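Okay, structure first, notes after.
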Amino acid sequence: MIVAYATAEDSRQGHEIAGLAAVALVTLRALWGLVGPAKARFDDFVTGPAAIIGYLRGLAAGTAPRFLGHTPAGGAMAVLLLVLVVATGLTGVLMVGGVLPHEAGEELHEILGTSILVVAGAHVLGVVVSSVGHRETLIRSMVTGWKPAPSDPA
Ligand code: HEM
């Protein structure tokens, strides 16, 4: 993703390869969401708007429950990011392939690509707020896949 942004204006080939690699990685993660371990699966963390709003209200009030997997808001953000990366890559491919008219395709591609940055920033902010709220280091859990259970003093 970083390479795709860094090369977006200067290196067409580098940008397309990096963009396709990002789409491939995200597709693998989406497959993992279907067949991976319980906490990695979409059915563990994809919830409706009511659960997301309820969680965010609880977080603001300091009463949000702690989740061992994704929180409802974190799950929604993750799905949004997966969709945006695939949509950005797809519009890039359709633009290069001449399926989308160049001007409109470029506009749409750039809007989608930029919105990834906005959503990723909001995702990071959410991770920080949730980590502070629950007094834990979510970034470590995102890398290792582990979270201490409620009864675990660590
Ligand atoms: C998810 C990964 C991707 C991201 C985040 C991304 C992001 C961007 C951004 C922000 C721009 C606008 C650059 C500017 O003019 O300021 C751009 C341009 C472009 N992207 Fe992507 N892109 C991605 C994937 C792809 C793919 C897979 C392709 C094609 C196979 C592609 C083809 C292009 C082309 C051809 C342009 C230049 C359009 C022009 O100025 O004529 N991109 N991309």
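The values are calculated or read from the model by the stated rules, or taken from the named source; none is laboratory data. Since this is a predicted model, take the numbers as computed values, not measurements. Neighbour counts are summed over all protein chains in view; Cβ atoms, including those assigned to glycine, are modelled from backbone coordinates with ideal geometry. To get the accessible areas, we keep the full protein, side chains included, count just its heavy atoms, and leave off ligands, DNA and RNA. Shrake-Rupley method; radii C 1.70, N 1.55, O 1.52, S 1.80 Å.
With contributions of -39500 (n - 2.57) from each DSSP H run of at least four residues, the per-residue ellipticity at 222 nm computed over the chain stands at -24000 deg cm²/dmol. Of the accessible area of the chain, computed with a 1.4 Å probe over protein heavy atoms only, carbon and sulfur atoms account for 70 percent.
Computed from Cα atoms alone, the Kirkwood hydrodynamic radius reported for region 29-74 is 11.2 Å. Each listed q (0.09, 0.18, 0.19 Å⁻¹) maps to a log10 I(q)/I(0) for region 2-144 from the Debye sum over equal C-alpha point scatterers, namely -0.34, -1.06, -1.13. Averaging the sequence gap over all C-alpha pairs within less than 8 Å and six or more residues apart, then dividing by the number of residues, gives the chain a relative contact order of 17 percent. The mean accessible area for residues of the chain, using a 1.4 Å probe and ignoring ligands and nucleic acids, is 65 Å² per residue. Taking amide H as placed 1.01 Å from N in the peptide plane, Ala64 has its amide H under 5 Å from the amide H of Leu59, each at least 5 places away in sequence or on another chain.
3J(HN,Hα) couplings calculated from phi for region 25-34 with the Karplus curve 6.51 cos²θ - 1.76 cosθ + 1.60 (θ = phi - 60°) are, in sequence order, 5, 5, 5, 4, 5, 5, 5, 4, x, 9 Hz; Gly and Pro show x.
Sorting Lys39, Lys147 by accessible area puts them as Lys39, Lys147; the probe is 1.4 Å, largest comes first, and only protein heavy atoms count. Other residues with beta-carbon under 15 Å from the beta-carbon of Gly105 carry, at +1 per Lys or Arg and -1 per Asp or Glu, a net charge of -4. Rounded to the nearest 10 degrees, the angle from helix 72-96 to the longest Cα principal axis of the chain is 10 degrees.
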